[in-house]
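**Student:** First the structure, which I've put down as structure tokens, then a few questions once you've had a look.
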Amino acid sequence: MVNKYKTILFFGPPGSGKSTQAKLLNKKKFFYISTGELLRKLENNINFKNSGLGKKIAKIMSSGGLIPDDTMLKLLQKILEEDIRKSVFDPTKQILILDGIPRDVSQAKKINGILNVVKIIDIYISDDSILIKRLVGRAKKDGRQDDKNIETTRRRLNIYKKETAEVLAYYPGKIISKINGINTINEINRQIINELKKYENSQQQKTGSGII
């Protein structure tokens, strides 16, 4: 068990493609998990689902509430420990990539206890109409109910902008790399890898070892 997980945070509004980009990275060197995947892992783990923490989270979700920071932190810790036990995640060889966490400054402060955030990839798209078009297309393709209502989508985007601006301001600017999300998937991937290589080069200069 490491003291803190070396972590890269992926930020981006709904429809920016951040999950797609995170999944494209080398799985031998990076371990990706999103808020949604955390909850799916909970659903698929019967023992954890029936635990006190699992039941607490299920109750919150069934009522449509947001999972409190302390509870989300416990869930993240439990899932990561389980993935390490199953040899799915090796924190001595892989950097953790998180998508959807932290959602606000309060959560960012609390996850400092278990995460060492070394890099932030912020995939931005300034034109909301592009995001809305993508989300509507995703709703038709994947049957995503949460993407069908345009007004609801606009509210989600506005909330994201407000919360993300505050979270990004919390972290040192030198670890944040901004990537234009209107480029092609391959071009965005190339830019992200270049940014991660810059981080690797800085680490090699300090420690003589890299990760990319």
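The values are calculated or read from the model by the stated rules, or taken from the named source; none is laboratory data. For clarity, every value in this text was computed on a predicted model and none was experimentally measured. Cβ: placed from backbone, ideal geometry, glycine included. Neighbour counts: every protein chain shown.
**Student:** Report yes if some residue within the stretch 117-125 is within 21 Å of ALA169 (Cβ to Cβ), in contact with a Lys or Arg (Cβ under 8 Å, 6 or more places away or on another chain), buried (at least 18 other Cβ atoms within 10 Å of the Cβ) and not charged (D, E, K, R); otherwise report no.
**Tutor:** yes
**Student:** A further question on this structure: Just to verify a result, which residue in the stretch 78-94, among those that are touching a strand residue (DSSP E or B) at 6+ places or on another chain (Cβ under 8 Å) and either closer than 18 Å to THR35 by Cβ or of a type in the set (Phe, Trp, Tyr) (or both), is modelled with the lowest pLDDT?
**Tutor:** ILE79
**Student:** Would you point out which residue out of LYS162, LYS140 is more than 21 Å from GLN21 (Cα to Cα), exposed (fewer than 12 other Cβ atoms within 10 Å of the Cβ), out of contact with any Gly (no Cβ under 9 Å at 6 or more places or on another chain) and at pLDDT 80 or above?
**Tutor:** Details: LYS140 fails: at pLDDT 80 or above.
Of the residues listed, the single one that is more than 21 Å from GLN21 (Cα to Cα), exposed (fewer than 12 other Cβ atoms within 10 Å of the Cβ), out of contact with any Gly (no Cβ under 9 Å at 6 or more places or on another chain) and at pLDDT 80 or above is LYS162.
**Student:** Let me ask another. For the stretch 80-136, how many residues are farther than 21 Å from LEU25 by Cα, in a helix (DSSP H, G or I) and not acidic (Asp, Glu)?
**Tutor:** Going through the stretch 80-136 one residue at a time, the tally reaches 16.
**Student:** For LYS178, state whether it is modelled with pLDDT of 85 or more and in a helix (DSSP H, G or I).
**Tutor:** Values: modelled with pLDDT of 85 or more: yes; in a helix (DSSP H, G or I): no.
Spelling it out, it is not the case that LYS178 is modelled with pLDDT of 85 or more and in a helix (DSSP H, G or I).
**Student:** Which members of the stretch 14-44 meet the condition of being farther than 22 Å from GLU187 by Cα, under 12 Å from the mean Cα position of the chain (by Cα) and among the aliphatic types (A, V, I, L, M)? So that I can check it myself, show each step before the final result.
**Tutor:** Step one: filter the stretch 14-44 for residues farther than 22 Å from GLU187 by Cα, giving 33-44.
Subset that is under 12 Å from the mean Cα position of the chain (by Cα): 33-38.
Matches in the stretch 14-44: ILE33, LEU38.
**Student:** Could you please let me know if ASP122 is in contact (Cβ under 8 Å) with a residue 40 or more places away in the chain, touching an Asp or Glu at 6+ places or on another chain (Cβ under 6 Å) and not hydroxyl-bearing (Ser, Thr, Tyr)? Lay out the reasoning, then the answer.
**Tutor:** Numbers: in contact (Cβ under 8 Å) with a residue 40 or more places away in the chain: yes; touching an Asp or Glu at 6+ places or on another chain (Cβ under 6 Å): no; not hydroxyl-bearing (Ser, Thr, Tyr): yes.
Criteria not met by ASP122.
**Student:** Answer with yes or no whether LYS29 is touching a residue at least 24 places away in the same chain (Cβ under 8 Å), under 16 Å from LYS119 (Cα atoms) and in contact with a Gly (Cβ under 6 Å, 6 or more places away or on another chain).
**Tutor:** no
**Student:** Let me ask something else about it. Give just the number: which of (1) out of contact with any Gly (no Cβ under 7 Å at 6 or more places or on another chain); (2) crowded, with 16+ Cβ neighbours inside 10 Å; (3) not small (Gly, Ala, Ser) does LYS55 not satisfy?
**Tutor:** LYS55 satisfies all of (1) out of contact with any Gly (no Cβ under 7 Å at 6 or more places or on another chain); (2) crowded, with 16+ Cβ neighbours inside 10 Å; (3) not small (Gly, Ala, Ser) except (2).
**Student:** Of all residues being within 28 Å of ALA58 (Cβ to Cβ) and modelled with pLDDT of 90 or more in the stretch 16-40, which is surrounded by the most Cβ atoms within 10 Å (Cβ to Cβ)? Just the residue, please.
**Tutor:** First pass over the stretch 16-40, keeping only residues within 28 Å of ALA58 (Cβ to Cβ): 18-19, 22-23, 31-40.
Within this subset, residues satisfying the condition of being modelled with pLDDT of 90 or more are 18-19, 22-23, 31-33.
Working: LYS18: 25, SER19: 16, ALA22: 21, LYS23: 13, PHE31: 22, TYR32: 21, ILE33: 22.
This residue is LYS18.
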